[in-house]
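Below is one structure, written out as structure tokens; the observations come after it.
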Amino acid sequence: MTAISSGLALTGCGGDDGKDGQDGVDGASVSAGSQQLDVTTSGFGIPEDAIFVAPDAVDGDDITDALAAALFALPDDALVVLPKGRFTVSQTITVNSASGLTVTGYGIHETILDFSQSTGDDAIRFQGGVDITIRDLGVYEAPKNGIKATNVNGIRMAYTATVWEGALEANNGAYGLYPLQSQNVLMEHNYAYGSADAGIYVGQSNNIVVRNNTAKNNVAGIEIENSTMADVYNNLAVGNSGGILAFDLPGLEQAYGGNVRIFNNEVYANNAANVGSGAVGIVPPGTGVLVFATSDVEIYNNRITDNDTAAIEIASYFLADSDVANYPANYGATMTNGWSPLVKNVYMHNNTIARNSTNPQGVLLADIITGYTTSANATGMPQTFPAIMYGGIGELLSNAGQLAGFDALVGPEAQADGVDYDAYAAADLICANSNINANPAPDYNEVNTGLVFSTNPADLTVDGAGNPVPNLLIDPMVNNTYLNCTQNRLAPASVNIGNKVYGCAGDDLAEAACSL
């Protein structure tokens, strides 16, 4: 219990905001004619006509059969209540095609499901369905993933925890809270600890709000992957390898994402060793925010501090696979569907940045780190590693006409959505301005912006193998020369669950972060 207790004590994120679940507001369960028996720690009312799972169970009991039975062949709009205590669950709990279902415990500490002896993979899995809520409980030690939802239209995970106790290790479960291939996804007031991939993850989904969560001691704290219309705000990401990530990966059913806003988050000391595998394994330890091959991202009004490698890193997929000539052979099908290795239209502004880049690390960045911290960079003098770092190679290759042949691969739907490999236009640029240098003296001048590759084709030089040579450009973040441009603001995301609208275009209209 110490892992979750210490994490939630760090911030108000993940706790009761005083608005949710009071007197029937926001989906609280008490309906006309029913009596309220109890209330969860988040203020959610539990009526007497709910479906109660193993109400007489005591700590340590195995409630697998009772839980599976309660969640089988449910009526629409059912409310299933789990008991107070810490209980064993020995297999995956699967819920198919539910409608209007709410599954609740009594609180993030009060109802704990322990899957350490489970013979399944996922702990709880929702497959299909509409307007589903899971809340007020903790899932511990899942063999693979904590709470997974696929192909759901309307999924809310609130006041839940997924925890792997102890050190962050490669044999921990992969994902904590894990909706994918879904629509209308709301993740709020959750706590994720110890995931060997991502603590709070949304993938191949659309219309997403991730707010007021705490992600601690995971490889990736919060990750948005191949998803569109996502708002990530008012979260705490601390002690992960990478705090907040936006990825587009090749070969997925939803080929690409975009319109991702990351704002008003606290992202600090994300310096854990990266024990992950696959794509997340490339994340350099010490990363605050990473945008990897995702276009149309706005990062603003975050406080990003004490991350050893960089506050913000922007990279094309060429960071992971630099074999440009073989992209048509290796990725042709997914490029036809619109996936692109490039990153375009990323706007970083009004972020407070302090005490980052003090110990840059990561296998993929080893040569870049050496170049910046010795005299091999463009200044000819050792520099503090950039707090904001943009790879730039995709833009350089596009501007130099080196990727023109890729346009023939892009299918008509992706073309209509603006996917191309032409030289970058103004609307495609990576921009950083009005960010705040919060470094104390005498280190004030050591907050830098860096471009690994110049984006100017005139600066393109190649080595003996024909590979572009990094330029390692760098200048102070404040009054910077590089990336000094602006972009149009992105539209807010909204989520509709049970005909209630959540997010900055819905129930958070008066939230200060939504006015930034």
Q. Can you spot a residue in region 431-444 that is acidic (Asp, Glu) and more than 30 Å from residue 323 (Cβ to Cβ)?
A. yes
Q) Residue check: is residue 273 modelled with pLDDT under 95, closer than 21 Å to residue 365 by Cα and not in a strand (DSSP E or B)? A) no
**Q.** Residues of region 46-89 satisfying the condition of being open to solvent by 30 Å² or more (accessible area, probe 1.4 Å), outside any loop (DSSP other than H, G, I, E, B) and of a type outside the set (S, T, N, Q)
**A.** 51, 52, 62, 65, 66, 68, 69, 86
(Q) For region 463-516: of the residues being open to solvent by 60 Å² or more (accessible area, probe 1.4 Å) and aliphatic (A, V, I, L, M), which is nearest to residue 132 (Cα to Cα)? (A) 509
Q | Breaking point among (1) outside any loop (DSSP other than H, G, I, E, B); (2) among the polar types (S, T, N, Q); (3) surrounded by 24 or more Cβ atoms within 10 Å (Cβ to Cβ), for residue 259 | A | (3)
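The values are calculated or read from the model by the stated rules, or taken from the named source; none is laboratory data. Worth saying up front: this structure is predicted, and the values here are computed from it rather than measured. Counting neighbours? That spans all protein chains shown, and the Cβs are built from the backbone with ideal geometry, glycine included. Note: areas computed on protein heavy atoms with side chains; ligands, DNA, RNA excluded. Shrake-Rupley method; radii C 1.70, N 1.55, O 1.52, S 1.80 Å.
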